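Bear in mind that the values in this text are calculations on the coordinates, not laboratory data. The shown structure was predicted, so the numbers you read here are calculated from the model rather than taken from an experiment. Virtual Cβ from ideal backbone geometry, glycine too; neighbours counted across all protein chains shown.
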Amino acid sequence: MLLVLTYSAYLAISIAMTIWVAWTLSSRGRIFLVDGFSGKEELADSINHLLVVGFYLMNLGWVSLSLSFGERPHDVPGAIEFLTTKLGVILVVLAAMHFFNMFVIAQLRQRALNYQRAEQHGPVPQPYVQGPAVTPPPPMPWPLPRTN
């Protein structure tokens, strides 16, 4: 009975955390996506929805798979340790997914800003790269002269 209660608590808390994080990222991240897609709200909303679906699939898949990892608890202290360890892993996975999503959104925004700058001011000139610090030796005469 203890195992069933522990697993039930783990699933309930993990699923609730996943839903809360996905909702927060979706609602608060929308403005960044709209900005990253140059104000195209319909495209941003579509991408936002796809990110949420992928987020759910990845995290709920991990929650399901991780049920079989680790030793099963046999007493109440073991159940608490089991639950906190599993929830800690889920929090780390959620954080990793959050930072990955933020990285992708930042890349999209930077690309959109670069595109807008290029439209307004023309292409960005490439920095001048100087040649090598030393000059190469003069070419050898060919064929080589004979020395006696």
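By the helix-only formula, in which each DSSP H run with n ≥ 4 contributes -39500 (n - 2.57) and the sum is divided by residues, the chain has a 222 nm mean residue ellipticity of -26000 deg cm²/dmol.
The GluC sites (Glu not before Pro) of region 10-98 that DSSP puts in a loop, and whose beta carbon has at most 11 other beta carbons within 10 Å, are 71. Rounded to the nearest 10 degrees, the inclination of helix 41-65 to the longest alpha-carbon principal axis of the chain is 60 degrees. A dipole drawn for the chain from +1 and -1 charges on Cβ atoms has a positive end, and of 76, 92, 110 the residue lying farthest that way is 110. Calculated FRET efficiency, residue 109 to residue 64, Cβ-Cβ distance, R0 = 30 Å: about 0.35 to the nearest 0.05.
Here the dipole of region 45-128 is about 300 debye; that uses its Cα centre as origin and unit charges on the Cβ of Lys and Arg (positive) and Asp and Glu (negative). Residues 7, 115, 56, ranked from the fewest to the most other C-beta atoms within 10 Å, line up as 115, 56, 7. Mind running the shape call on the chain? Use the C-alpha gyration tensor, a ≥ b ≥ c as the square roots of the eigenvalues: rounded below 1.5 for a/c, prolate if a/b tops b/c, oblate otherwise. Verdict is oblate for the chain.
Spin-label model, residue 15 to residue 120: label points 7 Å out along the Cα-to-beta-carbon direction sit 4.8 nm apart.
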